[in-house]
Amino acid sequence: MSMDMYRMPPALQERLMRELQPGEVVSWAGQPDPRRMMLSGFVLWLFFIPWTAFSVFWIAGASGFRLPDFSQPSDLFPLFGLPFFLIGVGGLSSPFWLYRKAGSMVYVVSNKRAFSLSGWRSITVESWRPEQLGNITRTERPDGSGDLVFATEVWRDSDGDRRTRQKGFMGIPDVRLVEGYLQRLAASR
């Protein structure tokens, strides 16, 4: 059993144990690095800083750069910019939501499968059987942490543009160790 599992909060350990199937034994369990996940969210700031600044400027301009007293119907016009401002605030707060999300995630390699658990209230479980682990891509950082990608999900968005999302264990410490556990699991099929 991985020592990383015992570093997890007790609530996550309990959730992991409830998810195990009969006869399933954990080889490794760990969590993504919340700081690394948070840093990935700061890229969105390049978009949301100007978005939010423009929405504030638009609201101020629509109100004539004064505080409306809402005595006339035209004083309500600046409120149309409020949803855009709230979207901007939400986008600017995304690194902190990613940090929180990382705290609710658990990655597990057992003798039967690899799986991830995420969420606080409702739990999402994503599992990979040994035969689905044949093509693992490792990205390793100088500190030994990294990502293990098992699959790439491809879909078309509402505009018809192709989108992809990598699936696997992201932002984990000692990525080579975990890759070894996954390779042994894949070989067990």
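Can you compute 3J(HN,Hα) from phi for each residue in segment 94-111, using the Karplus curve 6.51 cos²θ - 1.76 cosθ + 1.60 with θ = phi - 60°, rounded to whole Hz and x for Gly and Pro?
Going residue by residue, I get 4, x, 6, 5, 5, 4, 5, 4, 4, x, 9, 9, 9, 10, 9, 10, 10, 6 Hz, with x marking Gly and Pro.
Once the convex hull of the alpha carbons of segment 91-184 is built, what does its volume come to per residue, in cubic angstrom?
Dividing the Cα hull volume of segment 91-184 by its residue count gives 143 Å³.
Which value, in debye to the nearest 20, gives the size of the charge dipole of the chain about its Cα centre, when Lys and Arg are +1 and Asp and Glu are -1 at the Cβ?
420 debye
Just the ratio, please: alpha-carbon radius of gyration of the chain over 2.2 N^0.38 Å, N its number of residues.
Dividing the Cα radius of gyration by 2.2 N^0.38 Å gives 1.38.
Quick one: length gained pulling K167 to A11 fully straight, 0.36 nm per residue minus the C-alpha distance?
Full-extension gain reported as 53.7 nm.
Report, in deg cm²/dmol and to the nearest 500, the calculated mean residue ellipticity at 222 nm for the chain, where each DSSP H run with n ≥ 4 adds -39500 (n - 2.57) and the sum is divided by the residue count.
Rounded to the nearest 500, the figure is -12000 deg cm²/dmol.
Ranked highest first by average number of other Cβ atoms within 10 Å, how do 76-89, 166-179 line up?
166-179, 76-89
Sort out for me the Cα centre separation of segment 36-82 from segment 143-189, rounded to whole Å.
Measuring centre to centre over Cα atoms gives 37 Å.
Work out how much length F57 to S40 would gain on full extension: take 0.36 nm times their residue separation and subtract the Cα-Cα distance, in nm to one decimal.
3.4 nm
In a GNM of the chain with a 10 Å cut-off on Cα contacts, which of F65, F54, F96 has the highest mean-square fluctuation?
Between F65, F54, F96, it is F65 that shows the largest mean-square fluctuation.
Using label points projected 7 Å from each Cα along Cα→Cβ, tell me how many nm separate R189 and D159, to one decimal.
Here the answer is 3.6 nm between the modelled labels.
Of the heavy-atom accessible surface of the chain (probe 1.4 angstrom), what whole percent is carbon and sulfur?
For the chain, the apolar C and S fraction of the accessible surface comes to 60 percent.
Would you mind checking the tilt of helix 82-92 against the longest principal axis of the Cα atoms of the chain, expressed as 0 to 90 degrees and rounded to 10?
30 degrees
With a 1.4 Å probe and all protein chains left in place, how much accessible area per residue does the chain have, in Å²?
62 Å²
The values are calculated or read from the model by the stated rules, or taken from the named source; none is laboratory data. Because the structure is predicted, anything quoted here is derived from the model rather than measured. So basically every Cβ, Gly included, is an ideal-geometry build from the backbone, and we count neighbours across all protein chains shown. Note: accessible area is taken over every heavy atom of the protein model, side chains too, but ligands, DNA and RNA are not part of it. Shrake-Rupley method; radii C 1.70, N 1.55, O 1.52, S 1.80 Å.
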